[in-house]
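First comes the structure, then the notes that go with it.
The values are calculated or read from the model by the stated rules, or taken from the named source; none is laboratory data. Keep in mind that what you see is a predicted model, and the values were worked out from it rather than measured. All Cβ positions, glycine included, derive from the backbone under ideal geometry; neighbour counts span all protein chains shown.
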Amino acid sequence: MQKFVKAISWSLALLLSAYAGSAMAVDLFSAEAPLASASEADVQVAKREAMASMIVRLTGQQASLKQTNIVAALADVDAYISHISRQTDTDTDEVKLLLRFDQQVVRQLLNTAELPVWGAERLSTMTWLVIEQQGIQDIIADGGLDLGLQLLADAEQRSLPLLLPLMDLTDQLVIGPSDIWGNFTDTITLASQRYQAKSLLWGRLFQNTEGFWQGQGSIQVQGEQVDWLFAAPNPEALVTLIIENLGAELSQRFALPSATDQEYLATLHIKGIADLAAYAEVRSLLQQNPSVTAVTMQRLQGDQLVILVNYQGNQDNLLLSLERQGSMVLLDGQSETLYSSEQGSVAYFQWQ
């Protein structure tokens, strides 16, 4: 199925980010948790909750909390905290514990546990789920069913940028519940174009003859389609399983193994570089990317900069994360993998 890589207009980006509930980048090593009381026991509970939240965001998976090294680390949470403070809500008097964790120590923990580390820049996923209740099929849309709120909450817990359809007139003219229920992928892809998401999640949720809630559907990412099938005692538990699986699939493709030392080379052609000041901005942007290990300018000819980038991890993750940093637009259809080991992967960007 054709893969669409297009520049996002500011107006649409602002609209989608407003209801998607996810920022362009996440502070992965900070977390907070409600504090029940000032007792030492409750403080320790809040610290462990905050650290668990951070680990799930870093790995994209709730299941990572079951790993033996992580279980031991949560019991020794103070060894990983670099800063701690309290915040009181003046309206509700609710007290929160705000924590910052030591990035180096946490990375060492994930390295020992052989868990991947997912960067702060993450792909957005357009979500088309239809639920059947009492013979009526409804699309879980933004501002619609309560189950949509749980979808967004479960995704936010894992720092997965999730988009739900608006189901306004534009959507209704293209797609309906029967299209998702019938797994009409061409229609789902067409309806998703306006949301500019980089991956798709779709499926149907229903109660089977045994009383269990069943869900089945697909995830489409990097041109690959992966099917899923789950069952749970209620729709809420089913939604959690679906989002956990989404996090696992995306993390598998885009997270950087914490112990990796494998490096790759990419050649970036960047148009619109007017002077060396712009080059300095490009270099700074690249050096801030967690996948990038080295940056070397090859040439600056006219307004086109050719720059060599050494990086670790997934190529698509690198290119799309650069685009999401805001100043570089990945040009549609202008990315290809060459066989020359000297030149590596080649991609074309427009600087703006």
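A few comments on the model shown:
- Test result for Leu250, outside the structural domain of Leu318 (by TED's automatic domain parsing) and either more than 28 Å from Lys66 (Cβ to Cβ) or modelled with pLDDT of 95 or more (or both): no
- Comparison of Asp186, Asp227 shows that the only residue that is surrounded by fewer than 16 Cβ atoms within 10 Å (Cβ to Cβ) and either of a type in the set (Gly, Ala, Ser) or assigned to a strand (DSSP E or B) (or both) is Asp227.
- Here Glu114 passes the criteria (1) surrounded by fewer than 21 Cβ atoms within 10 Å (Cβ to Cβ); (2) closer than 20 Å to Ile219 by Cα; (3) touching a residue at least 24 places away in the same chain (Cβ under 8 Å) except the one numbered (2).
- Segment 195-211, residues that are modelled with pLDDT of 95 or more and more than 16 Å from the chain's Cα centre (by Cα): Trp202, Gly203, Arg204, Leu205, Phe206, Gln207
- Being more than 20 Å from Gln225 (Cβ to Cβ), touching a Gly at 6+ places or on another chain (Cβ under 9 Å) and assigned by TED's automatic domain parsing to the domain that holds Val239 holds for only one residue in Ile136, Ile140, and it is Ile140.
- Which numbered condition Ser159 fails, given (1) part of a helix (DSSP H, G or I); (2) within 30 Å of Ile55 (Cβ to Cβ): (1)
- Residue under evaluation Arg158, criteria (1) under 30 Å from Leu286 (Cβ atoms); (2) free of Cβ contacts under 8 Å to residues at least 24 places away in the same chain; (3) charged (D, E, K, R), criterion not met: (2)
- Qualifying residue in segment 110-120 (condition: closer than 27 Å to Gly148 by Cα and hydrophobic (A, V, I, L, M, F, W, C)): yes
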